[in-house]
Structure formats: structure tokens, C-alpha cells
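Visitor: Questions regarding the structure given below will be posed in turn.
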2 protein chains.
Amino acid sequence: MGVITIRDVAEAAGVSLSTVSRALNGGKNVSTRAARDVAAAADRLGYQPDFLARSLRTRSTGMVGCLVSDSSNPLNAAIVHAAEERLREAGYLLAVVNTASDPVRERAAAAEFRGRRTDGMLVAPGSTANEKTWRELARAGTPVIILDRDAPEDAGDTHWPSVQVDHRGGARAATRYLIGLGHRRIALLTGDAAMRPSRERIAGFREEFAEAGIDPAGAQIRIQASSMDFAQGDALVLLRDEERPTAIIALGTRILAGVLRAARDLKLSVPDDLSVLSVGDTDLAAVHIPAITALRWNLEDVGRAAAELLLQRLRGEAGGGPSSALLPVDLVLRESCAPPALSHRP
Amino acid sequence: MGVITIRDVAEAAGVSLSTVSRALNGGKNVSTRAARDVAAAADRLGYQPDFLARSLRTRSTGMVGCLVSDSSNPLNAAIVHAAEERLREAGYLLAVVNTASDPVRERAAAAEFRGRRTDGMLVAPGSTANEKTWRELARAGTPVIILDRDAPEDAGDTHWPSVQVDHRGGARAATRYLIGLGHRRIALLTGDAAMRPSRERIAGFREEFAEAGIDPAGAQIRIQASSMDFAQGDALVLLRDEERPTAIIALGTRILAGVLRAARDLKLSVPDDLSVLSVGDTDLAAVHIPAITALRWNLEDVGRAAAELLLQRLRGEAGGGPSSALLPVDLVLRESCAPPALSHRP
DNA sequence: ACGTTTATTGAAATCGTTTCCAGCTGAGCT
DNA sequence: AGCTCAGCTGGAAACGATTTCAATAAACGT
């Protein structure tokens, strides 16, 4: 007397298994009487189809795997959340695996997803180490959407579906703005330079210096291995330097926090002594006093766009809509940036 | 030429299906020669067992469902993240569903999880509307761990497994601290009063007023339907009142943000004109200037404890360890609280 | 009234695994 | 030699659905 199966329903309704199956699905080729009886019996018994058995037979699980370095990072959490909402609307279930950007864990997760026959995957790799894995997955027929990362080079001419954020454009706008205020020594604090977001930011940052014809030595780039590791101490070192930057562009909540605390410790006033610009608009940036000028992109849009791209593939409309999305980055002007102090002007 | 199945491996290794299965699993009752051949063949062919078929047969999916109102809320995100890490260590996959506290969506998610035969569930219900659902699930044999919410009344004497946070103790400590500083009119801004966290906070808040023998009219309780909805405007109304509170205890990042912005708009200095205390220690609280005194509980511990409790049940050690966890709340003293201004002292 | 389509139906195959069960082999013991 | 017993093995039956296919019944046109 365990779970109710289709067999129980068939018995209760006085029809065969096949009829029950047909009645419960499409309803095509089923007499109205049979349909009614089956529905009644299923309802009365509280029948709930077994996804496992169904999936085994139909080769489709209605599951999507999501692979991300750290789903509790607010910059990721909102993306995952939005993607989940959209996918669930379409009847899919999202399974999340955190990899801490560890290639080994990424591979393990990919293997597990494959073993579980997920219909598709949303992945934000922490390195380029596993490109082969994604390619194999894609070749095996599982749609893989890349989130704000480099898409693997594809042998063919097909474009790899991905959602990208225009970090380069954002960095250019931010840099141009600071240069316009008079800054000549600006520090950019960002993540792993090999990954797309940071690489693009750095490129945009440099481009803008070049375009303005400013001594590129003023463009101080600091790589933070992990955004979690950048503590107050590191910021202190940077700001104690004789040739300290007059403006800092800082990635994310944690690094921004480190910078702000360091500035306070050194009694540097923001924005009078130091301009601060946040990459990513978090609660902290918006509410801090002074409010922090920030680069903002719509995280929900990233998640939704990824889900949409995936659904397109899952519905087999590969040829239809766009195969990639590039989302804009806006500069939100607030109070944390000002012309550099007189003593620091050229 | 689809996926490699156990049948292909059997053929390649020159043994039967059953032998392959035995060799790949326990390895009991298998000759070393067969084991070697099977392992070699499986390896060569890149065989990957099909979780679906396996689950269908063994009645165990290695999946855990997680039901939460909003996984992007930092107070939840860290919990989900920690739970996922612990569960994956133990070989389980976590599927997350966001319900926005909607009872209908909660029921739908529960039904889907049941249909997918998840081995267990972590749920943080948004109301008491679905207690029957959780009870049914539990009666059907699926372990259900409740996260920081009221556990359904159980008919029997068994204790419902849950992870609770000592919000009452935290609220008492915070209130006692503020009263000790001299505050007599304190506002508590929290969520749905019917839910455990808020209910406990309110109780602790009142208890402390009573114990100190202070006019309970000074304990101003404001319920925020959703922590997302509390904007600056609402805080302004509260603070413009003639009898405005001299201290505010605010729930979470969003409400705290609203309070801080409102204080700034009214040119109220924190902590000189207004003491602010955050319920929940977020980046914003820690980094804000002045740094916000906060109630802190360890979100990772909540997630880990929930995972541990669930794993215990999944391993069938129901009798073994503790069936519930109560996690402490600490008061982190920072700079946002001070004695009320003279004009406001009794 | 009779052949021909058309709408329903149920039996059986299938998905890929695990597991029960009976059979076989060879070693050990008397 | 005969007997038992343990260790391996392969065939076949689940698990719970979907789907093909042939059979039956009903409707239809002439």
C-alpha cells in the first residue's frame, strides 16, 4: 500500500493502463466517458505521476542544472533567482551546484548533471579549464548556456549561446567619468584577470586612458584572487602608498567594503580625499553615506535572458531567436566621486 | 549511437548485465577477473550510469528539495548555499524553488517534489497555510526539515525536526541594551507577525520592556508585510512623528536601508539623534559609517545544521542525534547606538 | 446491406537499472 | 568417490510510466 501508480488508477476507472496514460496526457484518442472516469479516479486516489518513470521513458527530465561558483554572492544570487523563476514558469526544476570555481568540482557537477539527464544547463565556469567538458555536453545534445563568461571556441560556425554583460562599456564609462573629474591615478580592483568580466573591464579601463592621452602608469590594476579575500588590510596598503590613487573602482560588496573601511581608518574623506566607484550596485553602495556611485547591470535580466535562451533551445527553436544576449551596464551617479584634492592635481 | 548503457559495457566485457551491475556497485559476489574487465570496459566506453533508471528501481533519487520564499535575499542565500555544500558532500543534489511565500506555489512545489521522489526536503514556509501538506509529506516517509519557522503540531509525540534561531533571546538582548542606554521609546520593525521569527522577536521585545518596568507604550511595533516593501517613505512617516522613537530595531538589509536613508533625509544623526540596530548582520550593517550595531546569527550554521539533520534522517538514524537545533543570536556592538539626546530623555 | 474508413481500446514492448533466484563450478571434507 | 557448501554467474522480473501496434467497434458512403 505504497504510492498510487497508474495501474491503480486504471483498475479504479475500469480501463487499461494505456487509456489512463492517454487520458492524462494529450487526451487525444480517448472517449469522453473514459476521460471523465479516469480523471475522477485519479483525483479520488490522489494520483501523482512518477517523474522518474516518465523521464526514463521520454528521455526528458524537466530539470535544468545550474553551475555557479557561489550562489550566496549577491551578484550571483539574483541571477539564479531570476532564472529559477522563469524556468519554473515553463515547468522546469532548477538544481544548483556551487563549485567555488574549482575545476574538479565543476567537472564532477557536470558529470552528475549528465548522469541525471538534465535537459539543459546554465553554467558560469570559474576558469577556462573545463571548456572541453562544456563542448562534450553540447555535442551530446544538452543545451549549455554560458553566463557572463567566455564561450568556448566552437569548431563549427555555430555561435555558443551565452548571456554577456557589457563590462567593457561599463568600465569605459566609469573611467571616462573619473578622468573627466580630473583624476589621473585611478586604481581598478577586480577579480581573476583571465575571466571575461575582469578582462573586459581592464581592457575598457586601458582603452579610456589611451583615448584620453593620459600616462597609462596612472591606471593601476589590482587583481583580487577571490573577491572574498580582499580585506581592509589590502586596501590600507594601497592607500598608504605615496603615489596613492585618487580614485578607486572596486568590484562587488566585499572589496568595496574593504576600501571604505580602509578609507575610514586612514581618515580619508569620501569623496573629498578619495573617489570611490563600485562595480555592481548592491545595497551597500546605494545606502552608504555618502551614497556610492556605481556601475549597474540588471541581474534579473541576466537570469531571465539565460532562462529564455535555454527555453528556446529546449523547445527546439534553435534557429529562431537570438543566440546570445549582451546586456548594458549603466553608470549610476551618486555622491562618492568628486574632483581630486588640489594637492593631488597634476 | 546514443548513450552508453550497462548493456554495452556487459557486451564489451563479455559478461552479463547483472555482473556488470554487481561489479560497479558493491563488488560483492564478483570475481576479481570480472571486476577488472568490467571496470576496464566501463572506463574505455566512458560509461555513466543513468540516475533515472537507478532511482526508479531503488526508490531513492539522491535529490533534496529546498523550498524558500526568495533565495536571493542574503539572509536566505547563505543558508541555501551552506546546505547545498553539505548535502553535495554527502552525494545529494539540491533543487531550489522560490515561492515568494505564496501558499499556492508552495503546494505546487511540494507536489512536484513528491512527484520527483526527492529523498527529503528543506522548507521555510511563508505561512501556516500548508501545514497539512508538510504533515502528509512526512507521513508518506519524506523527511521534512523546517527552517526557522513554526513546526506543524504533530499529532503524535515525535518532535518535528527543525532548525530554529533564538530570535527571542536576540531581541531581548538588543532591547535590554537600548533600555540600558536610556531609551524609552523604541520601534521594532519586523516582518509578518504570525511567523515565528517576528513573533519571537516581538515577544522578547515586550518581555524586556515589562521586566524593566517601562511604559509598554514605548514599545512601538511596526509590521512590514514584506521586507522588500519597506521603503524610505515609510521610515520617514515614523520618524516625523512628534513622539518619534529614539531608537529603531530594523529587520534585514532593505528595511535598514530605508531607515538609514530616511534618517539622512531628516538630517538626523546616527547615533546622536537616533540609535539604529539591525536585525541580521549584513555587509551593509558592518560597513556603514557609522557601523551598525547588529543582531547576528550564523547563517551558514543554519544551513549546515539543516543539512545535517536531514542527512541523519536519510541515513535512518532518526533515534540517534538531536532532532532539532536552536542557534544562538549575538549582539554585535558597533557604533550606531548611543544614549538618546537630552531633549528626548524622560 | 456491405465494404471502408475512423475512433477507441488493451496487450505488449521499451526506457536502464537493480535484484531475486536458480544453476553451475570447483574446492573442501569425510 | 560422493556430498556439501560457498562463490560466481546469467536469466528474468521488477520499477512506473509512454508508445507502438493490432484488434475491435462504430460510423459512413454508396
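Visitor: Go through the residues of the range A:154-162 one by one and say whether even a single one is of a type outside the set (A, V, I, L, M, F, W, C) and either within 30 Å of residue A:245 (Cα to Cα) or within 14 Å of chain B (Cβ to nearest Cβ) (or both).
Guide: First, the residues of the range A:154-162 that are of a type outside the set (A, V, I, L, M, F, W, C): A:154, A:156-159, A:161-162.
This time we only want the ones that are either within 30 Å of residue A:245 (Cα to Cα) or within 14 Å of chain B (Cβ to nearest Cβ) (or both), so: none.
No: the range A:154-162 contains no residue that is of a type outside the set (A, V, I, L, M, F, W, C) and either within 30 Å of residue A:245 (Cα to Cα) or within 14 Å of chain B (Cβ to nearest Cβ) (or both).
Visitor: What number of residues within the range A:65-122 are assigned to a strand (DSSP E or B) and more than 7 Å from chain B (Cβ to nearest Cβ)?
Guide: Of the residues in the range A:65-122, the ones assigned to a strand (DSSP E or B) are A:65-68, A:93-98, A:120-122.
So of that shortlist, the ones also more than 7 Å from chain B (Cβ to nearest Cβ) come out as A:65-68, A:120-122.
Here the count works out to 7.
Visitor: Moving to a separate point now. All but one of (1) under 30 Å from residue B:255 (Cα atoms); (2) crowded, with 23+ Cβ neighbours inside 10 Å; (3) at pLDDT 95 or above hold for residue B:189; which doesn't?
Guide: (3)
Visitor: Further question: Only one of these is at pLDDT below 95 and surrounded by fewer than 20 Cβ atoms within 10 Å (Cβ to Cβ): B:27, B:62. Name it. Don't jump to the end; show me each part of the working.
Guide: Working: B:62 fails: at pLDDT below 95.
Just a single option satisfies the conditions, and that option is B:27.
Visitor: For residue A:44, all conditions in the list (1) under 30 Å from residue B:83 (Cα atoms); (2) more than 9 Å from DNA strand C (Cβ to nearest atom) hold save one; what is the number of the exception?
Guide: All conditions are met except number (1).
Visitor: I'd like the full set of residues that are near DNA strand D (Cβ under 8 Å from one of its atoms) and β-branched (Val, Ile, Thr), limited to the range A:1-31.
Guide: A:3, A:4, A:5, A:6, A:9, A:20
Visitor: Another question about this same structure. So, of the residues in the range B:1-16 that are surrounded by 13 or more Cβ atoms within 10 Å (Cβ to Cβ) and not in a helix (DSSP H, G or I), which turns out to be farthest from DNA strand C (Cβ to nearest atom)?
Guide: Let us first name the residues in the range B:1-16 that are surrounded by 13 or more Cβ atoms within 10 Å (Cβ to Cβ), namely B:3-6, B:8-13, B:15-16.
Subset that is not in a helix (DSSP H, G or I): B:3-5, B:15-16.
Working: B:3: 5, B:4: 8, B:5: 3, B:15: 12, B:16: 8 Å.
Step by step, filter the range B:1-16, then rank; the result is B:15.
Visitor: Exactly one of (1) more than 24 Å from residue A:177 (Cα to Cα); (2) modelled with pLDDT of 90 or more is unmet by residue A:274. Its number?
Guide: (1)
Visitor: Also, quick follow-up: Identify, from the list A:80, A:97, the residue that is under 15 Å from the mean Cα position of the chain (by Cα), crowded, with 24+ Cβ neighbours inside 10 Å and either at pLDDT below 95 or under 21 Å from residue A:197 (Cβ atoms) (or both). Working first, answer last.
Guide: Working: A:97 fails: crowded, with 24+ Cβ neighbours inside 10 Å.
On inspection, the qualifying residue turns out to be A:80.
Visitor: In the set A:313, A:304, which member is touching a residue at least 40 places away in the same chain (Cβ under 8 Å), assigned to a helix (DSSP H, G or I) and away from every other protein chain (no Cβ under 14 Å)? Even if it seems obvious, please write down each step before you answer.
Guide: Numbers: A:304 fails: away from every other protein chain (no Cβ under 14 Å).
Result of the check over A:313, A:304: A:313.
Visitor: While we're here: Under the condition of being near DNA strand C (Cβ under 7 Å from one of its atoms) and assigned to a helix (DSSP H, G or I), which residue from the range B:22-36 is nearest to the chain's Cα centre (by Cα)? Reasoning before the result, please.
Guide: We begin by selecting, within the range B:22-36, every residue near DNA strand C (Cβ under 7 Å from one of its atoms); these are B:22, B:24-25.
From the residues that got through so far, the ones that are assigned to a helix (DSSP H, G or I) too are B:22, B:24.
Numbers: B:22: 40, B:24: 37 Å.
So, considering only residues that are near DNA strand C (Cβ under 7 Å from one of its atoms) and assigned to a helix (DSSP H, G or I), the one nearest to the chain's Cα centre (by Cα) is B:24.
Visitor: If the Cβ limit is 6 Å and pairs must be 6+ apart or interchain, which residue in the range B:1-29 that is within 14 Å of chain A (Cβ to nearest Cβ) pairs with which residue that is within 6 Å of DNA strand C (Cβ to nearest atom)?
Guide: Listed by first residue and then by second, the contacts come to B:6/B:17.
Visitor: Does the range B:233-282 hold any residues that are in contact (Cβ under 8 Å) with a residue 24 or more places away in the chain and acidic (Asp, Glu), and which are they?
Guide: Correct list: B:234, B:243, B:265, B:272, B:273, B:281.
Visitor: While we're looking at this one, here's another question. Can you tell me which residues in the range A:37-50 are touching a residue at least 24 places away in the same chain (Cβ under 8 Å), away from chain B (no Cβ under 14 Å) and among the small types (Gly, Ala, Ser)?
Guide: Answer for the range A:37-50, where residues must be touching a residue at least 24 places away in the same chain (Cβ under 8 Å), away from chain B (no Cβ under 14 Å) and among the small types (Gly, Ala, Ser): A:40, A:41.
Visitor: Hey, another quick one. Looking at B:336, B:343, can you tell me which residue is farther than 23 Å from residue B:150 by Cα and in a loop (DSSP other than H, G, I, E, B)? Write out each step before concluding.
Guide: Working: B:343 fails: in a loop (DSSP other than H, G, I, E, B).
Exactly one residue qualifies, and that residue is B:336.
Visitor: Also, I was wondering about something else. Could you please find all residues in the range A:240-261 being within 11 Å of another protein chain (Cβ to nearest Cβ) and small (Gly, Ala, Ser)?
Guide: Within the range A:240-261, A:252, A:257, A:258 meet the criteria.
Visitor: Let me confirm something: among B:283, B:265, B:272, which residue is surrounded by fewer than 17 Cβ atoms within 10 Å (Cβ to Cβ) and within 12 Å of chain A (Cβ to nearest Cβ)? Outline the logic, then answer.
Guide: Numbers: B:283 fails: surrounded by fewer than 17 Cβ atoms within 10 Å (Cβ to Cβ); B:272 fails: within 12 Å of chain A (Cβ to nearest Cβ).
Criteria check complete, one pass: B:265.
Visitor: Scan the range B:139-153 and give yes if some residue there is part of a helix (DSSP H, G or I), within 14 Å of chain A (Cβ to nearest Cβ) and modelled with pLDDT under 95, otherwise no. Let's see the steps before the verdict.
Guide: Step one: of the range B:139-153, the residues part of a helix (DSSP H, G or I) are B:139.
From the residues that got through so far, the ones that are within 14 Å of chain A (Cβ to nearest Cβ) too are B:139.
Subset that is modelled with pLDDT under 95: B:139.
So far as the range B:139-153 goes, yes, one or more of its residues are part of a helix (DSSP H, G or I), within 14 Å of chain A (Cβ to nearest Cβ) and modelled with pLDDT under 95.
Visitor: Can I ask one more? Kindly evaluate residue B:34 against the criterion of being more than 11 Å from chain A (Cβ to nearest Cβ), more than 12 Å from DNA strand D (Cβ to nearest atom) and small (Gly, Ala, Ser).
Guide: Values: more than 11 Å from chain A (Cβ to nearest Cβ): yes; more than 12 Å from DNA strand D (Cβ to nearest atom): no; small (Gly, Ala, Ser): yes.
For residue B:34, the condition - more than 11 Å from chain A (Cβ to nearest Cβ), more than 12 Å from DNA strand D (Cβ to nearest atom) and small (Gly, Ala, Ser) - is not met.
Visitor: Can we say residue B:19 is within 11 Å of DNA strand C (Cβ to nearest atom) and among the β-branched types (Val, Ile, Thr)? Spell out how you get there, then give the answer.
Guide: Values: within 11 Å of DNA strand C (Cβ to nearest atom): yes; among the β-branched types (Val, Ile, Thr): yes.
Spelling it out, residue B:19 is indeed within 11 Å of DNA strand C (Cβ to nearest atom) and among the β-branched types (Val, Ile, Thr).
Visitor: Could you look through the range B:37-54, keep only residues that are part of a helix (DSSP H, G or I) and surrounded by fewer than 20 Cβ atoms within 10 Å (Cβ to Cβ), and pick out the one that is nearest to DNA strand D (Cβ to nearest atom)?
Guide: Of all residues in the range B:37-54, those part of a helix (DSSP H, G or I) come to B:37-45, B:51-54.
Still in the running and surrounded by fewer than 20 Cβ atoms within 10 Å (Cβ to Cβ): B:37, B:39-40, B:43-45, B:53-54.
Values: B:37: 9, B:39: 12, B:40: 14, B:43: 18, B:44: 18, B:45: 17, B:53: 7, B:54: 9 Å.
Filtering first and then ranking leaves B:53.
Visitor: Is one or more of the residues making up the range A:51-62 within 14 Å of chain B (Cβ to nearest Cβ), out of contact with any Lys or Arg (no Cβ under 7 Å at 6 or more places or on another chain) and more than 14 Å from DNA strand C (Cβ to nearest atom)?
Guide: Yes, some residue in the range A:51-62 is within 14 Å of chain B (Cβ to nearest Cβ), out of contact with any Lys or Arg (no Cβ under 7 Å at 6 or more places or on another chain) and more than 14 Å from DNA strand C (Cβ to nearest atom).
The values are calculated or read from the model by the stated rules, or taken from the named source; none is laboratory data. All of these numbers come straight from a predicted model, not from anything done at the bench. Please note: Cβ atoms are built from the backbone with ideal geometry, for glycine as well, and neighbour counts cover all protein chains shown.
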